[in-house]
Amino acid sequence: MKKTKKLLLKITGLLVTTALISCQDKADNESRIMERVSLQTESFYGTLEPFASNAVYFLMTDRFVDGDPENNFPNQGGDNPTFQNTLVGPNGQVANVGYMGGDFQGILDNAGYIKDLGFGAIWLTPIVDQPDESFAGGEPIAFGRAFRDGGKTGYHGYWGVNFFKTDEHLPSKNLDFKQLTQQLREKYQIKTVLDIVLNHGSPAYTMKPKQQPKFGQLFDKDGRLIADQQNLDPEKLSDDNPLHRFYNKSNDILQLSDFNQDNPEVLDYFSEAYLYWITQGADAFRIDTIKHMPHSFWKAFSDRIRDKHSEFFMFAESYSFDADFIAEHTLDKNGGISVLDFPGREWMTKVFENKNSDFSELTNYLHLEKGPYKNPYELMTFYDNHDMSRMNADDNGFIDAHNWLFTSRGIPVIYYGSEIAFMAGTSEHAGNRNYLGQENIEKAEKHPVYRALSKVANIRKNAIALQKGLQVNLEFSKNKAAFYRIFEHGGKYQTALVMLNKGDTPVEFNIDKYLSDGQWREAFSNEKIIVKGSLKRVVEAHGISILFFDAANNNQQLIERMRQLMGREREASSRD
């Protein structure tokens, strides 16, 4: 009897224990399920800015392709000609400060080329009306010289005289700006970024023997003269003369007319003009020389634009390598305008022009955690442009730069011709702005830089993680770089594991940190890879490997790291 009782007690205890264990297991399992559901509702991303989906091809319209010789005006300017004003260097090199024929038709004829290369947006230099002569004042320009405007023309578009009117060198009979943007959008899914200027107009004084037509003048949408510096030094302008009130009484950039930001009519004029160009198809603005006018002016301007177009994307040139300085423009209180990442340009050229450089140097400009920008993922990243020397690298240097630019944080911008290392190393008046032409475009596909750029740019074009994902760095040392880009938001899940090699020999990557288990796929071949704990990958010389994980991440350490990085977003917002 006692044995029976003891046996019953043991059985009862075992059942109770089993029941308790079963309840605990169920609770633990439910807890894990709830935790994962919670994690799946968390968002991890770098930006949600729609424009970040694009890579930008920046072209100087006049120097791209002449698609319509009828708008070249080769005899324009008389004694101060505007067409093909050639500068010759000491060794026979050539540059040019006159019009070379590039136009809207040349852009449209090659929109398929730009699209196939992997770009979703084209940035055009300013399209507004320019003076019809070369400038007969200032110091004469010479090959390789800078900060001189004598003898130059407005081929570049930055000497506006009527900001409502298209310059005659650009449109064709059946192709105005509105028709261009419409066809780019509808036929090629390409957005148009319009370069805009508010700080200055055309050269305004020192002309000899007398003032030239349009120089130093400003016209309204009806073609009526509303401002004229009258070939006077800025300090000689008078408040009593209504034609002088648009201008400041001190010079800023060479002899350019300098618009008075304190005159409400200036803000009214430019707001109306650039709102008009949005109706004609501009999808975004690039703002020239933003640092030359106060934050209060840009806040008022951006408010007027976004009052009509609330999500309109704008970025600016604030020519400075000081991140703290240029970041001020990005804050909402100053207009919420993104900027070209000049500090990034400085570090990229140091790394990709120098074969003995270290990938770790690139981390100096990223500001992935604490930094001055409202959002570093919305900066426009680049390594050269029209106002500085083109990158002085060999083909491998350009390939390495593009592999980095199209996978790291930011919105990549490539200057026309860089896909074939065009005029590498040359400065503004020594070849930087030379004419590209149809012949170079026709043979571009055979160029190794083009082929490598097209591969990585088209991967980015179709990968939300590379466009908008958080960047989580893994390894940056000598010729190797490895990092994640992660986007988990709104039911979309994608992680990109990027491995870069800028060396001359293959290297092996051993990845285990923050690595999620499951099925990954190779970006270029679509090969499926099952990962459990770690992976090894060999990356060829000057090569790239990208693996995608198309699910929510399941590595707890990575999840905690992403939470920390999302905290940066909250800190940046609080600074506004």
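The values are calculated or read from the model by the stated rules, or taken from the named source; none is laboratory data. Because the structure is predicted, anything quoted here is derived from the model rather than measured. Neighbour counts run over all protein chains shown; Cβ positions are idealised from the backbone, glycine included. Heads up: the accessible areas ignore ligands, DNA and RNA and are worked out on the full protein's heavy atoms, side chains in. Shrake-Rupley method; radii C 1.70, N 1.55, O 1.52, S 1.80 Å.
Solvent-accessible surface of the range 56-464, taken per residue with a 1.4 Å probe and all protein chains present: 37 Å². Helix 295-308 and the long axis of the chain differ in direction by around 80°, with both axes built from C-alpha atoms.
Cα centroid separation, the range 313-370 to the range 182-232: 29 Å. A dipole drawn for the chain from +1 and -1 charges on Cβ atoms has a positive end, and of 96, 264, 327 the residue lying farthest that way is 327.
Under a Cβ-Cβ cut-off of 13 Å, what is the net charge of the residues other than residue 221 that fall near it, where Lys and Arg count +1 and Asp and Glu count -1? Result for the local shell: -3.
The slack in the chain from residue 513 to residue 75, taken as 0.36 nm per residue of separation less the alpha-carbon distance, amounts to 151.1 nm.
Looking at the range 468-573, the accessible area is 42 square angstrom per residue; that uses a 1.4 Å probe and ignores ligands, DNA and RNA. When +1 charges are put on Lys and Arg Cβ atoms and -1 charges on Asp and Glu Cβ atoms, the dipole computed for the chain relative to its Cα centre reaches about 3400 debye.
Most simply put, the chain has about 65% antiparallel DSSP beta bridges, counting only bridges with both residues inside it. Relative to the longest principal axis of the Cα atoms of the chain, the long axis of helix 448-461 lies at roughly 60 degrees. Within the straight-line cut-off of under 25 Å between alpha carbons, the lysines reachable from residue 210 are 152, 236, 249, sequence neighbours fewer than 8 places apart in one chain being disregarded.
Largest first, what is the accessible-area ranking of 235, 353 with a 1.4 Å probe? Could you put the intermediate results ahead of the total?
Values: 235 125, 353 80 Å².
Largest accessible area first, the residues go 235, 353.
So what is the 222 nm mean residue ellipticity for the chain from helices alone, if each DSSP H run of at least 4 adds -39500 (n - 2.57) and you divide by all residues, rounding to the nearest 500 deg cm²/dmol?
Mean residue ellipticity at 222 nm (helix-derived): -9000 deg cm²/dmol.
Which pairs in the list 291/355; 173/214; 291/333; 291/374; 187/455 are over 26 Å apart, alpha-carbon to alpha-carbon? Table pairs above 26 Å Cα-Cα are 291/355.
When the pairs 115/468; 115/443; 308/492 are compared against a 28 Å limit on Cα-Cα distance, 308/492 fall above it.
Using alpha carbons only, how many degrees (0 to 90, rounded to 10) separate the axis of helix 556-574 from the longest principal axis of the chain? With both axes taken from Cα atoms, the answer is about 40 degrees.
Given a 1.4 Å probe and every protein chain left where it sits, what share in percent of the accessible area of the chain is carbon and sulfur?
49 percent
The mean sequence distance of close C-alpha pairs (under 8 Å, at least 6 residues apart), as a share of the length of the chain, puts its relative contact order at 14 percent.
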